[in-house]
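Below is one structure; the comments refer to it alone.
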Amino acid sequence: MTDSNQLFDSKLAARHRKGKIFSAICFLSTWFSMAMLFILLGSILWEGASGLNWNFLTHYDSYDPKSAGILGGIWGSFWLVLLTTVFSIPIGIGGAVYLEEYATQSRLTRIIQINLANLAGVPSIVYGILGLSVFVYMFDLFRHDPKEIVLNLGIA
């Protein structure tokens, strides 16, 4: 072997060792992070399990902490999902079928398709924060009392 081949082989072996060490560090840090996550979730479930009972799930809000429940929140979530589904599925499927089957290729359809691709690539929380800020500034909401500003941050 020539000197350059020996140098290459020694550097290659060193790179392989570094790669294995890095892989081991990544593997151990992943397992450590997962263990911490399971410990945290386990402690939350262990401490919160005593508060989960049938009354908590089937009662509405109350000023009395012992009789308060989350039924109002469950029903609100159910109706929100139902109404959103009823409106969004027909509009989404109808728009997709129209764009794909009936719309001619024009500048407008290309702009719509580019915008749809961009919308699909952005997480929904970004749209939520953007919509909240638009409503706050457009309708002058939550801008007078410091407590309302804190409420606004809690919603976001």
| query | Quick one: Cα centre-to-centre distance for region 10-37 and region 78-109, in angstrom? | reply | 47
| remark: Eigenvalues of the alpha-carbon gyration tensor of the chain, times 5 and square-rooted, give semi-axes in Å, largest first, of 47, 36, 19
| Spin-label model distance (nm) - I21 vs L37, 7 Å beyond Cα toward Cβ | 2.8
| request: Based on alpha-carbon positions alone, could you give the equivalent ellipsoid semi-axes of region 8-52 from the gyration tensor, as √(5λ), descending, whole Å? | output: 43, 4, 4
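Divide by every residue of the chain the summed helix terms, -39500 (n - 2.57) for each DSSP H run of at least 4, and state the resulting mean residue ellipticity at 222 nm, rounded to the nearest 500 deg cm²/dmol. Mind dumping the intermediate values first?
Details: 6 runs with 117 residues, N = 156.
About -25500 deg cm²/dmol.
A short reminder: the numbers here are calculations on the coordinates, not readings from a lab. On a predicted model such as this, the values are computed, not experimentally measured, just so you know. Reconstructed Cβ throughout: ideal geometry from the backbone, glycine too, with neighbour counts over all protein chains shown.
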